[in-house]
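This report concerns only the one structure given below.
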Amino acid sequence: MTEFPYERANHAEFSKVWYLLPMTVNALPPVLPIRLGHAFPNPPASEMDWIQWAIAFLDGKTELDARAATNSAVVARAEGWLGIAPDQRPVYSYAGCLHPALGRIGLVLSTGWLTRGLQGGSRCDSGGLAGGLGGFACIGPHHAECKAALLDLSFAGTHNWRDDLHTEVSAAYGAEVQAYVRGDEPVLASLDDHRRRFVQYAHAKGITDKRRLWTWEFRATSPAKNTDVYAIALAHEAFKLFDELRRDSGLDFPDLRVISGSVGPSAVHHFQELEVVEALSGAP
């Protein structure tokens, strides 16, 4: 498994924040129940093809491997900075997050998947940072500074990420795990200097989509399996296609939560339903 040279220094840096907040650390259960989110596909990919793939995956006929990136240039840049070879691309997921911009089909996955092979992770969206997108634009044009920030915010697969994520969420949200999953803005004092700067820049520029500035990203070397899935969430139209194809195939997934997006009077939503928040928050 890849070892990153910045690992030990990185741990020491973040420990400075954790020990300032001893009373909030015990507000959450000993093991943070947050699950992982993986969303797909992004247009112009064929949605029906991916719904067929999802049913085959849930039926145990295929696995979730690394996929082509939506923004291949910035992802390749981030992976290069992190020392990830092009032929060893990982499978990405995000702690407690299914972002609508990443697709209309979302898998809610157990963190147990990561025990089979975790390449590493970052305390923000690595591609967004490498591309200087949104709130990351405060250092976007300066690639050397971007790279340094990404390395500071990243950790190797051997790192004890569970304790650090637990501590950060409890410091930022108290006992409100669902606040993190909903994407509520964290207490800025709970973040490191880099991410505080990103959030403050987003405020100054009126950027509303700030979630990727602090959401933890994980990169797995092992494919996810159907046994890792707790729930699948789909946009409303995708749900109808999924349900029709599932019934036509004679398949039933009795232990799987299937969550449909909602249709309001003025908009169609997905990944924002309470059921999705509960699933990602670790509901039994």
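The values are calculated or read from the model by the stated rules, or taken from the named source; none is laboratory data. These numbers were taken from a predicted model, which means no experiment stands behind them. Reconstructed Cβ throughout: ideal geometry from the backbone, glycine too, with neighbour counts over all protein chains shown.
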Notebook entry, point to check: So LEU245 clears everything in (1) under 28 Å from GLY121 (Cβ atoms); (2) part of a helix (DSSP H, G or I); (3) of a type outside the set (Asp, Glu) except one condition, right? Which one?
Noted result: (1)
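Among the candidates ASP228, ASP209, which residue alone is within 26 Å of GLN272 (Cβ to Cβ), buried (at least 19 other Cβ atoms within 10 Å of the Cβ), among the acidic types (Asp, Glu) and touching a residue at least 12 places away in the same chain (Cβ under 8 Å)? Steps first, please.
Details: ASP209 fails: buried (at least 19 other Cβ atoms within 10 Å of the Cβ).
Exactly one of ASP228, ASP209 is within 26 Å of GLN272 (Cβ to Cβ), buried (at least 19 other Cβ atoms within 10 Å of the Cβ), among the acidic types (Asp, Glu) and touching a residue at least 12 places away in the same chain (Cβ under 8 Å), namely ASP228.
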Note to self: Suppose we filter region 45-66 for residues that are at pLDDT 90 or above, part of a loop (DSSP other than H, G, I, E, B) and either under 27 Å from LEU133 (Cβ atoms) or out of contact with any strand residue (DSSP E or B) (no Cβ under 8 Å at 6 or more places or on another chain) (or both); how many remain?
What the structure shows: 6
Next item on the list: Show the residue pairs that are 6+ apart or on different chains and have beta-carbon atoms under 7 Å apart, the first residue being within region 156-178 and among the basic types (Lys, Arg), the second being crowded, with 20+ Cβ neighbours inside 10 Å.
Entry: ARG162/LEU32
Check: If a residue has to be in contact with a helix residue (DSSP H, G or I) (Cβ under 7 Å, 6 or more places away or on another chain) and either buried (at least 21 other Cβ atoms within 10 Å of the Cβ) or of a type in the set (Asp, Glu) (or both) to count, how many in region 157-183 make the cut?
Finding: 11
Checklist line | Condition broken by PHE218, with the remaining ones in (1) within 15 Å of the chain's Cα centre (by Cα); (2) surrounded by fewer than 22 Cβ atoms within 10 Å (Cβ to Cβ); (3) at pLDDT 95 or above satisfied | finding: (2)
Check: Going by the conditions given, is ASP228 modelled with pLDDT under 95 and within 26 Å of ALA66 (Cβ to Cβ)?
Finding: no
Notebook entry, point to check: Do you know which residues across region 196-221 are under 25 Å from HIS166 (Cα atoms) and aromatic (Phe, Trp, Tyr)?
Noted result: PHE198, TRP214, TRP216, PHE218
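If I ask for residues that are in a helix (DSSP H, G or I), within 18 Å of the chain's Cα centre (by Cα) and small (Gly, Ala, Ser), which ones from region 77-94 would you list? Let's see the steps before the verdict.
So the first thing to find is which residues in region 77-94 are in a helix (DSSP H, G or I), and the list is 77-81, 86-88.
Those still in the list that are within 18 Å of the chain's Cα centre (by Cα) too: 78-79.
Within region 77-94, just ALA78 meets the criteria.
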Next item on the list: Working only within region 186-205, note down all residues that are within 25 Å of GLU273 (Cα to Cα) and surrounded by fewer than 16 Cβ atoms within 10 Å (Cβ to Cβ).
Entry: VAL187
